[in-house]
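A quick write-up on the structure given underneath.
The values are calculated or read from the model by the stated rules, or taken from the named source; none is laboratory data. The shown structure was predicted, so the numbers you read here are calculated from the model rather than taken from an experiment. Neighbour counts are summed over all protein chains in view; Cβ atoms, including those assigned to glycine, are modelled from backbone coordinates with ideal geometry.
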Amino acid sequence: MKNINIKRLFKSEIIGNTIILITSMVLIYLLISLYFINHFLFNTVINGVDVSLKTYDAADSIIRNYTKDYKLQLIERNEKMEEITGWDIEMRYNQKSSISKIHQMQNKVGWITSLCKEQKYCSEDLFGYNKEKLDNKINKLECLNKNIIEPQNVSFKYSSGSYEWIKEIDGNKVYKDKLYKAIQMSILNGKTKLDLNKNLCYQNPKYILSSDKTLETKNLLNKYVTAEITYVFGSENEKLEKNVIYQWLSVDEQLEVVINKKAVKQYVNWLSKKYDTVGVARKIKTSTNKIIEVKGGFYGWKINNVAETAALLENIRQGEVIQKEPIYTQRALYRDEDDIGNTYIEINITRQHLWFYKEGKLVTQGAIVTGNPNKGNSTEVGVYMLNYKQKGSTLIGPNYEAEVTYWMPFNGNIGIHDASWRYSFGSNIYTRNGSHGCINAPLYLAKTIFENIDEGTPVICYEE
């Protein structure tokens, strides 16, 4: 019984001591809570100013002194630093700010949580400054005025037959509006450091080495320069290769590959000037064994510059390696130096005579009457081709209408036809009673030509 009583007494003593301890701790906790009725909690920072455990009046003084010594350090690229002081902008403490409200809203009873957790607050009306002086200070910052380097996207360089990339340039050009806003917010929040790079104040290149678009653009450039187009002009070739194509390529600000359409057009125009034969001067050996030069006319090869330019652009875009003829608006019978061949009509205006050769053999010849030069109706010299042939036709012009049996136009409304109204041909009839430009032929001559000639046959008109 004695042991039981001792145990009970000991247990009662422990309980009593525990109650005393808990009561004491609660009392101490409440006393500390009472302390915070007039003081800020642990780790209390208002707009960058540490007012931990300070009374409202003491905090007021600390904040006022903070504005006097305030400095905002601007951390710029290339390890440059600039600073804006409170003195520069007449920074001031607004005593009518909401700092008292911050103190009131703090949980005094829950003060213990402030031991391990920052109590950060921001009062929008805590600080003020002279806006004009801040503007002036910002406008004079070196980061806005000196040694400005524009940002540049990743770029591409052609070397040894392919493209390689060149790293982007970050530069140091600042967005003034973003910088102003960041500085303003830093001052109002009492911050002492502003990293321009972290606050996105710099203009950065849109595309860099690691951008997906960079690899896509490089691959496209290399695809374009793999194109190799060999133009075939009879026995002659013109090869367009990468050493020319790369000069036509560029990359815009959106990293889109641009083919210089003007340069492509100029290349096709160059091909035309070199290989088109319409209207060129030709050395012709006449039926009278003379060598004469004939210029003009519509016969010959002529590249369709518009269509071929579009086709060449597509060839490059597809990176094609091909042999091709250009697209022609008109073709001659042959592609080498003598594009006329040995089937043609020869009209000697001076001698008023016509010869028709087919595959090198003379089919027919005879006297004719050409256009009257004294009335402005001369038959134009040049090399043409038969447009078509028609049996039975009515020729209508200014002040005339004539029925013909064989009609073979070669230069617009100028052509070869029979002239049943004439009783004689040749000599110098054309100078006093010539045609309106057509080739008047005897019926037999027109008939033989008509029966043996094909569309596209060259027609050579010349004067000795």
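Quick notes on this structure:
- Residue selected from the stretch 284-316 under the condition among the charged types (D, E, K, R) and assigned to a strand (DSSP E or B), by the criterion surrounded by the most Cβ atoms within 10 Å (Cβ to Cβ): K302
- With respect to the conditions (1) surrounded by fewer than 14 Cβ atoms within 10 Å (Cβ to Cβ); (2) within 15 Å of F410 (Cα to Cα), Y344 lacks only one, and its number is (1).
- Residue selected from the stretch 411-464 under the condition farther than 26 Å from I292 by Cα and of a type in the set (S, T, Y), by the criterion surrounded by the fewest Cβ atoms within 10 Å (Cβ to Cβ): Y423
- Members of the stretch 378-426 that are more than 21 Å from R331 (Cα to Cα) and among the basic types (K, R): K391, R422
Here's the yes/no breakdown for (1) among the charged types (D, E, K, R); (2) out of contact with any strand residue (DSSP E or B) (no Cβ under 9 Å at 6 or more places or on another chain); (3) surrounded by fewer than 17 Cβ atoms within 10 Å (Cβ to Cβ); (4) over 29 Å from S52 (Cα atoms):
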position: E124; (1), (2), (3), (4): yes, yes, yes, no
position: Y158; (1), (2), (3), (4): no, no, no, yes
position: V174; (1), (2), (3), (4): no, no, no, yes
position: T192; (1), (2), (3), (4): no, no, yes, no
position: N197; (1), (2), (3), (4): no, no, yes, yes
position: C201; (1), (2), (3), (4): no, no, no, yes
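- Hits in the stretch 317-340 - residues which are of a type in the set (V, I, T), in a loop (DSSP other than H, G, I, E, B) and within 18 Å of I303 (Cβ to Cβ): I327
- Every residue from the stretch 195-231 that is touching a residue at least 40 places away in the same chain (Cβ under 8 Å), farther than 26 Å from I75 by Cα and of a type in the set (D, E): E228
- Only strands (runs of 3 or more DSSP E) whose full extent lies in the stretch 374-431 are considered here, and the ones with at least 1 residues that are touching a Leu at 6+ places or on another chain (Cβ under 9 Å) and farther than 29 Å from T343 by Cβ are 400-411.
- Residues in the stretch 251-283 that are surrounded by 13 or more Cβ atoms within 10 Å (Cβ to Cβ), small (G, A, S) and in contact with a strand residue (DSSP E or B) (Cβ under 9 Å, 6 or more places away or on another chain): S272, G279.
- Of the residues in the stretch 371-388, not one is surrounded by 22 or more Cβ atoms within 10 Å (Cβ to Cβ) and farther than 21 Å from V294 by Cβ.
- Qualifying residue in the stretch 201-208 (condition: closer than 27 Å to Y121 by Cβ and over 19 Å from the mean Cα position of the chain (by Cα)): yes
- Filtered residue count, the stretch 219-257, keeping only those that are under 17 Å from the mean Cα position of the chain (by Cα) and assigned to a strand (DSSP E or B): 4
- G190 meets each of the listed conditions (1) part of a loop (DSSP other than H, G, I, E, B); (2) under 25 Å from the mean Cα position of the chain (by Cα) apart from (2).
- Condition check for N260: in the same structural domain as N315 (by TED's automatic domain parsing), free of Cβ contacts under 8 Å to residues at least 40 places away in the same chain and farther than 30 Å from D50 by Cα: yes
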